[in-house]
1. What is the number of the single condition among (1) modelled with pLDDT of 85 or more; (2) in a helix (DSSP H, G or I) that G272 does not meet?
2. Need at least 1 residues that are among the charged types (D, E, K, R) and modelled with pLDDT of 90 or more per element, so show me which strands (runs of 3 or more DSSP E) inside the stretch 1-114 make the cut, counting only ones lying wholly within it.
3. Specify which of the listed residues (E114, E96) is over 28 Å from F163 (Cβ atoms) and exposed (fewer than 15 other Cβ atoms within 10 Å of the Cβ).
4. Just to verify a result, which residue in the stretch 339-365, among those that are in a loop (DSSP other than H, G, I, E, B) and among the small types (G, A, S), is nearest to F307 (Cα to Cα)?
5. I'm trying to understand the selection: among the residues of the stretch 7-60, which are under 26 Å from G327 (Cβ atoms), in contact with a strand residue (DSSP E or B) (Cβ under 9 Å, 6 or more places away or on another chain) and without any contact (Cβ under 8 Å) to a residue 24 or more places away in the chain?
6. Need the failing condition index for A95 against (1) outside the structural domain of K154 (by TED's automatic domain parsing); (2) touching a strand residue (DSSP E or B) at 6+ places or on another chain (Cβ under 9 Å); (3) of a type in the set (G, A, S), just the number.
7. What are the residues in the stretch 117-142 that are loosely packed, with under 15 Cβ neighbours inside 10 Å and more than 30 Å from R91 (Cα to Cα), if any?
8. State the number of residues belonging to the stretch 5-40 that are closer than 17 Å to L57 by Cβ and either of a type in the set (D, E, K, R) or outside the structural domain of S52 (by TED's automatic domain parsing) (or both).
Amino acid sequence: MGLLKGAVTFSRYRIAGALPDHFPDFFNEQIRRYAFQTVWRTTDEMAAGWTSLENCLDTDFAYASYAQGRYMLFSLRIDRKSVAPSLLRLRILEAERKQLAESGQKKLYREQREAIRESVRLELLGKTLPVPSFHEICWSVPDHVVTFCCLSDKVAGELQELFRESFSLSLSPYAPWNADGAGANPQGAVAGSSSRDVALPPLPPGVDPLTVGREFLTWLWFKSEERNGMIRIPGGGESEVVFVRRLVLESGEGEYAETIVCQGLHADLKEGKEALRQGKKITAARLRMAHDKAEWEFTFKADRFHFQSMKLPSVAESEGEEADREGQILERIYLIEKAAGMMDQLFRSFLDLRLSDGWGNEQTRLQKWITHAKAD
């Protein structure tokens, strides 16, 4: 329930394509048309559709309950049925034995076995209750950005498919170097389960999109320690960014990949620095960010620019009118966007430096910092 309360985990997507004319009416019609249907067909293993953000049973969206400020707020509901493989095998064996006994055959043909398997599978699915899951969505209409409270590749693929079918718009993974959406991948597909398969917009020549996030996190750690956690965010003044408790580092590819997890209460995380010296790259880090008397804590995943378990600054609770409730939700969304925006600004500052003539000097200083970690 990250948009409404508690910690929030989210990925971001940019909408590719122009909004239809008379968008409010179009959206109102389409979200109802593709709302979650309670009818469950026994031949289906999965059903998906839209529901209200605050009431998972509301698929009528009475009084346009999805519209708050400049946002469309709703949820993706996915119901799944599954049969335990061991139970399926057992029931298939029973059905095959029964078929042999009734037919007098010595063995079953392949077509018969396949028919039995499918019949048993559908029978078991018909007796199985679906397991529902709900994933919150915040669509910032003017910004053409969708914040999706889930990091699963499989669920993201289902979001993209249903979003395209519902609104005739494609979602492409958000990248901070592509803030205006130019050059975004119109398909927006998330292929496979590897973080290296994600389709992201192209970077300028000389920068590898598969490693730039890891370079950024290494640089950010260096800049954080350079001034005891204080970092200047372009256009935002001084902020504090501290690496706390947990780092994940990786080297190699595929089956040769080696991962090291460093965690503890000490902010210096010396094991992580030693891993950097050995050539490993940071793939995820737990950060504490403070700015203008507000503080966030979250895990940043470098390969996808995803945010996990983000703790927001406290939002005052109210037992007043509905307008107060809407204000609380909008304030939480503002705080989520604020933290993500600050990380985007820091990345763009890194990328500007990375593409400038001054990068050589910065690399030298960064390498000295890594080498000095060994001496410590």
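The values are calculated or read from the model by the stated rules, or taken from the named source; none is laboratory data. What you see is a predicted model, and the numbers here were worked out from it, not measured in a lab. All Cβ positions, glycine included, derive from the backbone under ideal geometry; neighbour counts span all protein chains shown.
1. For G272, the exception is condition (1).
2. Answer list for the stretch 1-114: 8-16, 71-80.
3. Values: E96 fails: exposed (fewer than 15 other Cβ atoms within 10 Å of the Cβ).
Every option except E114 fails the conditions.
4. Initially, the stretch 339-365 is screened for residues in a loop (DSSP other than H, G, I, E, B), giving 355-358.
When the remaining residues are screened for being among the small types (G, A, S), the result is 356, 358.
Values: S356: 28, G358: 30 Å.
If we take residues in the stretch 339-365 being in a loop (DSSP other than H, G, I, E, B) and among the small types (G, A, S), then S356 is nearest to F307 (Cα to Cα).
5. Listed by number, the residues that qualify are S52, L57, D58.
6. In the conditions (1) outside the structural domain of K154 (by TED's automatic domain parsing); (2) touching a strand residue (DSSP E or B) at 6+ places or on another chain (Cβ under 9 Å); (3) of a type in the set (G, A, S), A95 misses (2) alone.
7. Across the stretch 117-142, the qualifying residue is only P142.
8. Taking the stretch 5-40 and keeping what is closer than 17 Å to L57 by Cβ, we get 31-32, 34-40.
Those still in the list that are either of a type in the set (D, E, K, R) or outside the structural domain of S52 (by TED's automatic domain parsing) (or both) too: 32.
Number satisfying all stated conditions: 1.
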